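Below: one structure, written as structure tokens.
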Amino acid sequence: MPDPGFEKKIREDQKHINEIKSEIGKAVIGQDKVIDGFLKSIFANGSVLVEGVPGVAKTLIVRTLSKVMGCKFSRIQFTPDLLPTDIIGITTYEKERGFYVLKGPIFANFILADEINRAPPKVQSALLEAMQEKQVTIGRETFPIMPPFFVLATQNPIESVGTYPLPEAQIDRFLFKLNITYPSEDEEQRILLTNITTEKFEKYDLGQVSNPGKIIEIEEDVKKVYLDKKIERYIIQLVNATRHPNKYSIKTGKYIEWGASPRASIGLYIASKADALMKGKSFVTPHNVKEVAHDVLRHRILVSYEGQSENINSDQIITELLSKVPVP
């Protein structure tokens with residue numbers, strides 16, 4: 001039986017999220033689907049890998065999110081000469097104070113890891129370890145990272161010179177991979193009048209609609225959203241179809257080098273709950289799973305060289321999966 005109290009709480013959460021989206025709309029024009037993806041990831045306590053050409057408002061979106069949600073924002077520009085200590089911090093010494101810890105920019109709520117593939121693997125690992133463990137070790141001390149903790153890592157799909165591609169095992173730690181595309185003509189015309197190049201960020205007059213405590217509260221509500229055993233089985237079958245495509249007659253399956261890991265099942269499980277909550281529902285339907293499937297699986301299906309040569313991408317494979325795997 002549905003819990004009337006929880007149903008009411010879900011509707012309150014949905015109203016609060018709509019207020020957040022409305023306030024974000026003051027600064028960010030268009031990109032509604034991307035913002036929805038960010039919010040789902042935040043409330044599912046996950047992080048996002050974003051691919052998009054320069055100048056499509058990646059930085060603006062995260063700055064706006066952190067301002068509207070009352071969270072501390074930190075930007076890390078990844079470069080080839082970056083060191084792990086530049087991110088996590090160092091133990092230093094002063095005569096008056098003795099040894100003490102100087103914390104790095106990782107100690108914030110919202111982290112923008114700009115062009116993560118420009119830094120060497122050791123630096124990438126330092127960030128991804130913090131994402132996974134929600135703690136950082138500096139010298140001999142371990143420090144927890146205060147929740148909520150959300151990382152938006154960006155990759156530039158155009159340039160490959162001087163980059164270090166993220167290993168598949170590390171990419172797997174991101175809940176979502178989102179693609180940010182160009183705005184429409186009408187949206188771009190509106191951007192001309194309100195852009196971060198000609199206007200100061202403060203001119204957007206953004207209000208603080210939420211706070212870290214409220215975000216954590218919604219994260220807990222997401223966990224309580226009901227997901228039936230049949231939906232669980234559907235999630236498992238979707239992920240299994242990436243590993244054994246012949247079982248489900250997936251024609252594009254021959255282009256899959258490696259299927260999705262168990263993290264994909266966990267990702268679909270929690271992200272579909274976040275999608276249901278954002279739509280004001282206290283239970284998950286197959287539609288919620290389908291809504292998040294591309295974002296969860298996009299970076300977890302490795303397309304073979306044969307597939308790449310024939311311009312097959314993981315999104316095409318996921319679309320076929322969703323049409324072939326039976327819905328409960």
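Annotations for the structure displayed:
- Test: residue in the stretch 57-73 that is in the same structural domain as Gly207 (by TED's automatic domain parsing), modelled with pLDDT of 90 or more and in a helix (DSSP H, G or I): yes
- Residues in the stretch 74-121 that are among the charged types (D, E, K, R), more than 23 Å from Asp172 (Cβ to Cβ) and touching a residue at least 40 places away in the same chain (Cβ under 8 Å): Lys103 alone.
- Annotation: of all residues in the stretch 42-70 being more than 23 Å from His299 (Cβ to Cβ) and of a type in the set (Val, Ile, Thr), the one that is farthest from the chain's Cα centre (by Cα) is Val68.
- Filter result for the condition that a residue is among the hydroxyl-bearing types (Ser, Thr, Tyr) and in contact with a Gly (Cβ under 7 Å, 6 or more places away or on another chain), over Thr79, Thr91: Thr91
- Selection count where residues are farther than 24 Å from Glu168 by Cβ, basic (Lys, Arg) and in contact (Cβ under 8 Å) with a residue 12 or more places away in the chain, scope the stretch 28-64: 1
- Any hit, the stretch 192-204, residues being touching a Phe, Trp or Tyr at 6+ places or on another chain (Cβ under 9 Å) and assigned to a helix (DSSP H, G or I): no
- Near pairs, Cβ below 8 angstrom, 6+ apart or cross-chain, from the stretch 122-133 (closer than 18 Å to Pro148 by Cβ and assigned by TED's automatic domain parsing to the domain that holds Gln170) to any residue that is of a type in the set (A, V, I, L, M) and in a helix (DSSP H, G or I): Leu127/Ile87; Leu127/Ile116; Ala130/Ile87; Ala130/Ile88
- Residue check for Ser272: free of Cβ contacts under 8 Å to residues at least 40 places away in the same chain and within 21 Å of the chain's Cα centre (by Cα): no
- Of Tyr269, Tyr255, all but one fail to be at negative phi, among the aromatic types (Phe, Trp, Tyr) and in contact with a Gly (Cβ under 6 Å, 6 or more places away or on another chain); the exception is Tyr255.
- Within the option set Ile35, Ile87, Ile42, Ile29, being of a type in the set (Val, Ile, Thr), outside the structural domain of Arg300 (by TED's automatic domain parsing), touching a helix residue (DSSP H, G or I) at 6+ places or on another chain (Cβ under 9 Å) and at pLDDT below 85 holds for one residue only, Ile29.
Yes/no matrix, rows are residues, columns are (1) small (Gly, Ala, Ser); (2) touching a Lys or Arg at 6+ places or on another chain (Cβ under 9 Å); (3) closer than 28 Å to Pro167 by Cβ:
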{"residue": "Arg233", "(1), (2), (3)": "no, no, no"}
{"residue": "Thr252", "(1), (2), (3)": "no, no, yes"}
{"residue": "Ile270", "(1), (2), (3)": "no, yes, yes"}
{"residue": "Ser282", "(1), (2), (3)": "yes, yes, no"}
{"residue": "Leu321", "(1), (2), (3)": "no, no, yes"}
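- Check on Phe78, surrounded by fewer than 21 Cβ atoms within 10 Å (Cβ to Cβ), among the hydrophobic types (A, V, I, L, M, F, W, C), more than 15 Å from Lys214 (Cβ to Cβ) and over 15 Å from the mean Cα position of the chain (by Cα): no
- The helices (runs of 4 or more DSSP H) found wholly in the stretch 219-328 and carrying at least 1 residues that are surrounded by 23 or more Cβ atoms within 10 Å (Cβ to Cβ) and out of contact with any Cys (no Cβ under 6 Å at 6 or more places or on another chain) occupy 229-243, 262-278, 286-297, 314-324.
- For Ala44, the conditions (1) buried (at least 19 other Cβ atoms within 10 Å of the Cβ); (2) under 27 Å from Leu192 (Cα atoms); (3) of a type in the set (A, V, I, L, M, F, W, C) all hold with the exception of (2).
- The residues of the stretch 81-99 that are touching a Phe, Trp or Tyr at 6+ places or on another chain (Cβ under 8 Å) and exposed (fewer than 11 other Cβ atoms within 10 Å of the Cβ), listed by number, are Tyr93, Glu94, Phe99.
- Selection over the stretch 98-121 of residues that are in a strand (DSSP E or B) and farther than 18 Å from Val48 by Cβ gives a count of 6.
- Selection from the stretch 74-95 of residues that are among the acidic types (Asp, Glu) and part of a helix (DSSP H, G or I): Asp86
- Of the residues making up the stretch 1-52, those that are in a helix (DSSP H, G or I), small (Gly, Ala, Ser) and closer than 21 Å to Pro148 by Cβ are Ser22, Gly37, Ser41.
The values are calculated or read from the model by the stated rules, or taken from the named source; none is laboratory data. The model shown is predicted, which means the values in this text are computed figures rather than measured ones. Please note: Cβ atoms are built from the backbone with ideal geometry, for glycine as well, and neighbour counts cover all protein chains shown.
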